[in-house]
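Just so it is clear, none of the values below were taken in a lab; they were calculated from the coordinates. Quick caveat: nothing in here was measured; it's all calculated off a predicted structure. Cβ: placed from backbone, ideal geometry, glycine included. Neighbour counts: every protein chain shown.
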Amino acid sequence: MVATILRAGGASFNVNFEHLRNYLRDPIVRRGVTSVLSGIGRHGVTKPQFLDAPFLVVWNFTNACNLRCKHCYQRADKPAPNELSTEERLKIVGELAEKGVVSIAFSGGEPLMRRDFYEVAMEAERRDMYIALAMNGDTDESGYSIDRKLRMHPPSVYRSLKSAKETSQN
Ligand code: SF4
């Protein structure tokens with residue numbers, strides 16, 4: 001049944017069936033496709049498409065940052081007094097996964113300032129969610145070491161570029 005749908009869908013969009021089938025072996029892709037199909041099932045085809053859960057959640061993971069950029073709209077420096085515990089963060093990841101969220105983008109502040117960043121991000125990847133990371137590039141972590149730690153699904157890493165002045169960046 002699924003193969004028939006894939007064949008028909010692939011033919012409509014001129015996509016090779018085998019490519020489509022291999023693509024769908026990726027659990028993150030399956031999560032994304034499931035999200036869209038269940039949204040269509042519940043709401044019909046809408047424009048924009050209504051989904052049962054947000055496709056992407058941007059999480060300001062901490063207010064802590066090792067930089068003090070003048071333009072920072074977050075006014076990041078120290079952790080906020082009421083930041084969540086690690087257990088609360090892990091619980092939130094589980095709830096987002098169960099609701100059908102496909103992707104989490106970790107932002108801040110600087111997410112890597114939290115010692116539990118990898119624990120929480122690994123929980124998200126264990127639940128087959130796609131991870132993006134917005135970092136300032138001024139920590140000890142390189143893209144290579146992040147990829148090695150989050151090796152199940154290496155994340156999209158977005159770094160800000162430093163300006164000529166040491167105290168600010170764009
Ligand atoms: S690196 Fe980002 S979060 Fe940190 S102070 Fe600069 S703009 Fe704000």
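Projecting label points 7 angstrom from Cα along Cα→Cβ for Glu95 and His19 puts them 4.1 nm apart.
Going from the residue with the fewest nearby Cβ atoms within 10 Å to the one with the most, Ile28, Ile104 rank Ile28, Ile104. Exceedance of the 27 Å cut-off in Cα-Cα distance is limited, within the set Lys47/Lys99; Lys70/Lys149; Lys47/Lys149, to Lys70/Lys149; Lys47/Lys149.
Mind running the shape call on the stretch 1-45? Use the C-alpha gyration tensor, a ≥ b ≥ c as the square roots of the eigenvalues: rounded below 1.5 for a/c, prolate if a/b tops b/c, oblate otherwise. The shape class here is oblate. For the pair Asp128 and His43, what calculated FRET efficiency results from E = 1/(1 + (r/R0)^6), where r is the Cβ-Cβ distance and R0 = 25 Å, to the nearest 0.05? That pair, His43 with Asp128, gives E of 0.60.
Taking 17 Å as the straight-line reach from the Cα of Lys78, the aspartates and glutamates in range (excluding those fewer than 8 positions away in the same chain) are Glu110, Asp116, Asp138.
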